1. Kindly list, by first and then second residue, each pair from a residue in the stretch 6-23 that is touching a residue at least 60 places away in the same chain (Cβ under 8 Å) to a residue that is of a type in the set (Gly, Ala, Ser), limited to pairs with Cβ atoms under 6 Å and residues at least 6 apart or on different chains.
2. Hey, residue 126 hits all of (1) in contact with a Gly (Cβ under 6 Å, 6 or more places away or on another chain); (2) surrounded by fewer than 17 Cβ atoms within 10 Å (Cβ to Cβ) but one; which does it fall short on?
3. Kindly indicate which of 13, 45 is modelled with pLDDT under 90, in a helix (DSSP H, G or I) and either hydrophobic (A, V, I, L, M, F, W, C) or not assigned by TED's automatic domain parsing to the domain that holds residue 144 (or both).
4. Output the residue which, of all residues in the stretch 105-123 that are out of contact with any Leu (no Cβ under 9 Å at 6 or more places or on another chain) and not in a loop (DSSP other than H, G, I, E, B), is surrounded by the fewest Cβ atoms within 10 Å (Cβ to Cβ).
5. So residue 122 fits all but one of (1) farther than 30 Å from residue 27 by Cα; (2) hydrophobic (A, V, I, L, M, F, W, C); (3) touching a residue at least 60 places away in the same chain (Cβ under 8 Å); what number is the exception?
6. Exactly one of these conditions fails for residue 151: (1) surrounded by 12 or more Cβ atoms within 10 Å (Cβ to Cβ); (2) in a helix (DSSP H, G or I); (3) polar (S, T, N, Q). Give me its number.
7. Search the stretch 141-163 for residues that are within 13 Å of residue 113 (Cα to Cα) and pair each with any residue that is exposed (fewer than 12 other Cβ atoms within 10 Å of the Cβ) and polar (S, T, N, Q) when their beta-carbon atoms are under 9 Å apart and the residues are at least 6 apart or on different chains.
8. Go through the stretch 134-182 and count every residue that is among the charged types (D, E, K, R) and on the phi > 0 side of the Ramachandran plot.
Amino acid sequence: MINYETLSRPYAKALFDLSKQDDTYQVWLDNLNILDQLFKSQKFKNFIFKPCSVNQQVTEVLNFFDFKSNMQDFAVKFKNFVFSLTQNKRLNLVSYITEAFIKMKYEDEGILRVKVSSAYQLSDDKLLKLSSSLERRFNSKVELESSIDTSLLGGVRVQADDLVIDNSVQGRIKKMSQILQV
């Protein structure tokens, strides 16, 4: 089974190191997001994956970008990046590369991204309290990404990297069901 996160990590690391060296993190992120959005379009996928040479594919991808005149150095690096992905048949990794790139930036800044799901919209006060509590628990700055998941019925589910804290009604029901089946 192919692990796309593993395949994308070296590309993301190379881009992150380059962006850090050149102080171009935001420019890389903006263009990675554009590339990612393009690849979410089925029309674009059909267009770009038609049989043609690698150089033609790269040229066709780059035609969607409008680089400013002061970004020629970046444009060359971006073209080389897209060429490398195309040549190695890794254009399908753009979403994973973008996600890993963002994760590396947060890690570099000592910030832990935490996804919080709840059955209803949490107030700013509750989010602030939750953030403070998580910062103490993880001994790190925390950035919350809040979403609503009505299937939880109540409570919250917190995910930070591989750690999941499920304090939802749905989670408690599942746990109770497992206990009763034993």
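1. Close Cβ pairs (under 6 Å, with a partner that is of a type in the set (Gly, Ala, Ser)) amount to 8/100; 9/100; 12/100.
2. Of (1) in contact with a Gly (Cβ under 6 Å, 6 or more places away or on another chain); (2) surrounded by fewer than 17 Cβ atoms within 10 Å (Cβ to Cβ), only one is false for residue 126: (1).
3. 45
4. Ranking the candidates gives 108 first.
5. Exception for residue 122: condition (3).
6. Every listed condition holds for residue 151 apart from (1).
7. Once the first residue is within 13 Å of residue 113 (Cα to Cα) and sits in the stretch 141-163, its partners that are exposed (fewer than 12 other Cβ atoms within 10 Å of the Cβ) and polar (S, T, N, Q) give 142/132; 146/121.
8. 1
The values are calculated or read from the model by the stated rules, or taken from the named source; none is laboratory data. Remember, it's a predicted structure, so these values are computed and weren't measured experimentally. Methodologically, a virtual Cβ is constructed for each residue, glycine included, from the backbone with ideal geometry; neighbour enumeration extends over all protein chains shown.
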